[in-house]
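Remarks on the structure that follows.
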Amino acid sequence: MGKIIVMTSGKGGVGKTTSSAAFATGFALRGYKTVVIDFDVGLRNLDLVMGCERRVVFDFINIINGEARLNQALIKDKRVDNLYILPTSQTRDKDALTKEGVEKVLEELRQEFDYVICDSPAGIERGALMALYFADEAIIVTNPEVSSVRDSDRILGMLAARSRRAELNEEPVKEHLLLTRYDPARVERGEMLNVTDVLEILAIPLLGVIPESQAVLRASNIGMPVTLDDKSTAGQAYRDAIARFLGEQIEHRFVKPERRGFFNRLLRRTA
Amino acid sequence: MRIFDFFRAAKPQASSAAQAKERLQIVMAHERVSRTAPDFLPVLQKELLAVIAKYVDLATNKVEVKLDRGNECSTLEVNIELPSPKIEPMRARIAV
Ligand SMILES: Nc1ncnc2c1ncn2[C@@H]1O[C@H](COP(=O)(O)OP(=O)(O)OP(=O)(O)O)[C@@H](O)[C@H]1O
Ligand SMILES: [Mg+2]
């Protein structure tokens, strides 16, 4: 039986879709059969980030409504074995996500896949609730910034009170903090919350720190999950975080400002 | 005056990140409490004000309501300044 993981944040634009694509790709590269689902009904974007936007025929809502079969809607990634994408609908609204419908699809997927990653929409409304409701584990994507940290805390409250595990009094959803868009230089200047502060406030285990990196935009421009850019700091940080998720002990990198010499700076212009 | 300003300026300001942390800790302590306990405090506050309004004119009198939430105990502080100069300001302090 596969694990259901939700990538969630409350606040919008913090890096959930980027992280969903990166984690799904990372799991698949490690040999785990993985599917990543777009829960952002009406604002489909995962397909673009994964580079499969021109191959979408059927979507998540078609499956829920019984208009297509699961294997007609699943898109197999062309670069990485074991990696599948389930895009969402662009035309319907979040009410199309019924609890029964979502449950049916997730149960079917977890029979076949090792990891089912749910890319949550922003907010704390229906779409976000449906994305987290069936989760076994949650990755809380947070930026080192006041409103993101506060919204993450609200999502933690929802996981503790309104997830299926909470309602059935089962073992709670396992929580992980993924701190993204971290800028060590600004942290050092006292302009940005540091990782220790965020950990102290949110009090959940740290899965990884993803630095602010130009490689993320470049990767999304060409529809490539940033995990595949193993020269970039962000790509490496995601690989580390994935390894930690799988139980490996890996030290946190990219939390201190890079001290680059002149030649280094010339040779490695990009972060 | 000037000289005080000078000393105030010389005192190092907390970094903006440190201020962010402090503000978050305060606001989130409140929000977490209100998430777990059934939250009757805002209602209590409203009903108290309604009762007070029966006796004094809230519009012309100074009424200050302060809700302080803590982990162990919360305090609802109501300060009412009554119109008559003979009466001392009445203070009600209710620990919840
Ligand atoms: N580590 C990073 N460094 C630089 N830019 C980043 C990083 N992570 C994400 N971004 C950028 O932030 C923007 C938002 O990212 P993304 O779409 O993944 O967020 P989201 O949480 O899914 O947003 P939404 O709430 O709208 O679904 C994108 O432009 C992305 O390129
Ligand atoms: Mg998104």
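The values are calculated or read from the model by the stated rules, or taken from the named source; none is laboratory data. Not measured: the values here are computed from a predicted model. Glycine gets a Cβ as well: all are built from the backbone with ideal geometry, and neighbour counts include every protein chain shown. All accessible areas refer to the heavy atoms of the entire protein, side chains included, with ligands and DNA or RNA removed. Shrake-Rupley method; radii C 1.70, N 1.55, O 1.52, S 1.80 Å.
Structure above, values below:
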| quantity | calculated |
| --- | --- |
| Output for segment A:103-160, where each listed residue is within 14 Å of chain B (Cβ to nearest Cβ), open to solvent by less than 20 Å² (accessible area, probe 1.4 Å) and acidic (Asp, Glu) | A:Asp153 |
| Residue check for A:Ala185: within 14 Å of ligand 1 (Cβ to nearest atom) and in contact with a helix residue (DSSP H, G or I) (Cβ under 8 Å, 6 or more places away or on another chain) | no |
| Close pairs (8 angstrom Cβ cut-off, 6 or more residues apart or separate chains): within 13 Å of chain B (Cβ to nearest Cβ) and crowded, with 24+ Cβ neighbours inside 10 Å in segment A:174-188, in a strand (DSSP E or B) and at pLDDT 95 or above anywhere | A:Tyr182/A:Val209; A:Tyr182/A:Ile210; A:Tyr182/A:Pro211 |
| Pair list, Cβ under 9 Å, 6 or more apart: segment A:19-42 residue on the phi > 0 side of the Ramachandran plot, other residue at pLDDT 95 or above and not in a helix (DSSP H, G or I) | A:Gly31/A:Asp81; A:Gly31/A:Asn82; A:Gly31/A:Asp114; A:Gly42/A:Thr88; A:Gly42/A:Pro121 |
| Some residue of segment A:10-21 being aliphatic (A, V, I, L, M), modelled with pLDDT of 95 or more, open to solvent by 30 Å² or more (accessible area, probe 1.4 Å) and farther than 14 Å from A:Cys118 by Cα | no |
| Residue selected from segment A:1-20 under the condition away from every other protein chain (no Cβ under 14 Å) and either in contact with a Gly (Cβ under 9 Å, 6 or more places away or on another chain) or part of a strand (DSSP E or B) (or both), by the criterion farthest from ligand 1 (Cβ to nearest atom) | A:Lys3 |
| Condition check for A:Val198: more than 10 Å from every other protein chain (Cβ to nearest Cβ), at pLDDT 95 or above and within 26 Å of A:Ala21 (Cβ to Cβ) | no |
| Top-ranked residue of segment A:185-235 - restricted to ones that are within 16 Å of A:Glu145 (Cβ to Cβ) and β-branched (Val, Ile, Thr), ranked as farthest from ligand 2 (Cβ to nearest atom) | A:Thr196 |
| Scope segment A:52-69; condition among the acidic types (Asp, Glu) and either within 14 Å of another protein chain (Cβ to nearest Cβ) or within 16 Å of ligand 2 (Cβ to nearest atom) (or both); matching residues | A:Glu53, A:Asp59 |
| Every pair of residues 6+ apart whose Cβ atoms lie under 6 Å, when the first sits in segment B:12-39 and is more than 10 Å from every other protein chain (Cβ to nearest Cβ) while the second is modelled with pLDDT under 90 | B:His30/B:Arg69; B:Val33/B:Arg69 |
| Qualifying residue in segment A:71-81 (condition: within 16 Å of ligand 1 (Cβ to nearest atom) and either free of Cβ contacts under 8 Å to residues at least 12 places away in the same chain or farther than 24 Å from A:Glu100 by Cβ (or both)) | no |
| Restricting segment A:21-39 to residues that are part of a loop (DSSP other than H, G, I, E, B) and more than 12 Å from the chain's Cα centre (by Cα), the residue that is nearest to A:Thr227 (Cα to Cα) | A:Arg30 |
| Extreme residue, farthest from the other protein chains (Cβ to nearest Cβ), among residues of segment A:29-51 that are surrounded by fewer than 19 Cβ atoms within 10 Å (Cβ to Cβ) and more than 16 Å from ligand 1 (Cβ to nearest atom) | A:Gly31 |
| Hey, A:Arg92 at pLDDT 95 or above, open to solvent by 10 Å² or more (accessible area, probe 1.4 Å) and more than 14 Å from ligand 1 (Cβ to nearest atom) or not | no |
